[in-house]
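The values are calculated or read from the model by the stated rules, or taken from the named source; none is laboratory data. Everything numeric in this text was worked out from a predicted model, so none of it was measured. FYI the Cβ positions are ideal-geometry reconstructions off the backbone, even for glycines, and counts take in every protein chain you see. The accessibility values were calculated without ligands, DNA or RNA, using every heavy atom of the protein model including side chains. Shrake-Rupley method; radii C 1.70, N 1.55, O 1.52, S 1.80 Å.
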Amino acid sequence: MALTVVHHPGYTIDLPANHPFPMEKFRVLRQLLGEQTLACPIEWHTPQPATLESLQRVHTRDYVQAFLHGQLDRAAQRRSGFVWSEALVERVRLETGGTLLTLEAALATGLACNSAGGTHHAHADAASGYCLINDLAVAAAHALAQGWVERVLIVDCDVHQGDGTARLFANEPGVFTFSMHAARNFPARKAKSDLDIALPNGMEDAAYLAELASWLPGVLAAYQPDVVLYDAGVDVHHDDRLGYLSLSSDGLYARDHYVLNLCRESDIPVAAVIGGGYDRDIAALATRHAQLHRAAADVLAAH
């Protein structure tokens, strides 16, 4: 059995040298995964850009058109964290298409990972916090629209609340949003997920994992999703410059293994994206993100 991992070289584009977003991490993660020996081999899949139709299932037509054609004003671009470019549009559409393909692969094989994704701050009509299109929401809405599933559970363990996803699905019974995040971190104004677990600053491995284990099995049992979308943000790591939690690298692995294994033991397909991670040391950051894929390979090999 091989682990399906979705990747495209277009996940990485050129940014100014002083830009705070660690764009190189996607390229370095792909290189790292190509060099590592995991519990099972990786089968690489290449996504297509997400279609206009799929984007407009969750985003307004006006916003999608403005984004695609470079009509976002300066304030909107500043809120997104990026200066608009055609390369940025292509990159975002590829990343979103990657999460769509990851979800489709998970439904076919039981478990699949993207090497990007997790843009959970994007709203119906606006970008926010480095998130221009909400790939998690697009994938969930696509799976529902295609009739692949009836219930999607989004498990968001990024250090920041998945506010865009929560608002997009506030009145959608086919999607359950679960966000476990640092209470005092971005965004300042939180949305209301179906279940929010707000954590105190500085929480370490044992307390974090106990909190996760006290909630997630009950959500799976009560909601009985047909698929889980898992956002495995590594900005919960104690060295992350935008996170207020204190997980170790071993803690990241334990979290990811727990979530993926719980889903597979429950016979629920799970599609994982890498989420946030903001360290200027790109090699260290990519190594943290690779914990997800290592955990996925271990879970797949054990089942």
| task | State which residue pairs qualify: first residue farther than 20 Å from Arg79 by Cβ and of a type in the set (Ser, Thr, Tyr) and inside region 110-130, second residue modelled with pLDDT of 95 or more and assigned to a loop (DSSP other than H, G, I, E, B) in any location, beta carbons under 7 Å apart, and separation of 6 or more residues or different chains. | result | Ser115/His7; Ser115/Ile274
| said: I need the full set of residues from region 226-282 which are open to solvent by less than 30 Å² (accessible area, probe 1.4 Å), hydrophobic (A, V, I, L, M, F, W, C) and over 22 Å from Thr99 (Cβ atoms), in order please. | reply: Leu245, Leu247
| query | So, of the residues in region 21-30 that are in contact with a Ser or Thr (Cβ under 7 Å, 6 or more places away or on another chain) and part of a helix (DSSP H, G or I), which turns out to be most open to solvent (accessible area, probe 1.4 Å)? | reply | Arg27
| query | free of Cβ contacts under 8 Å to residues at least 60 places away in the same chain and either more than 22 Å from Pro47 (Cβ to Cβ) or of a type in the set (Asp, Glu) (or both): does that describe Tyr258? | reply | yes
| Residues (farther than 12 Å from Cys113 by Cα and touching a residue at least 24 places away in the same chain (Cβ under 8 Å)) located in region 34-45 | Gln36, Leu38, Ala39, Cys40, Pro41
| Is there a residue being touching a Ser or Thr at 6+ places or on another chain (Cβ under 6 Å), surrounded by 24 or more Cβ atoms within 10 Å (Cβ to Cβ), at pLDDT 95 or above and outside any helix (DSSP H, G or I) anywhere in region 137-144? | no
| task | Please work out which one of (1) in a strand (DSSP E or B); (2) open to solvent by 60 Å² or more (accessible area, probe 1.4 Å) is the condition Ala206 fails and give its number. | result | (1)
| Within region 75-84, tally of residues that are open to solvent by 40 Å² or more (accessible area, probe 1.4 Å) and assigned to a loop (DSSP other than H, G, I, E, B) | 2
| Residue satisfying condition, being of a type in the set (A, V, I, L, M), closer than 22 Å to His289 by Cα, over 16 Å from the mean Cα position of the chain (by Cα) and open to solvent by less than 30 Å² (accessible area, probe 1.4 Å), within set Leu15, Leu33, Leu72, Leu55 | Leu33
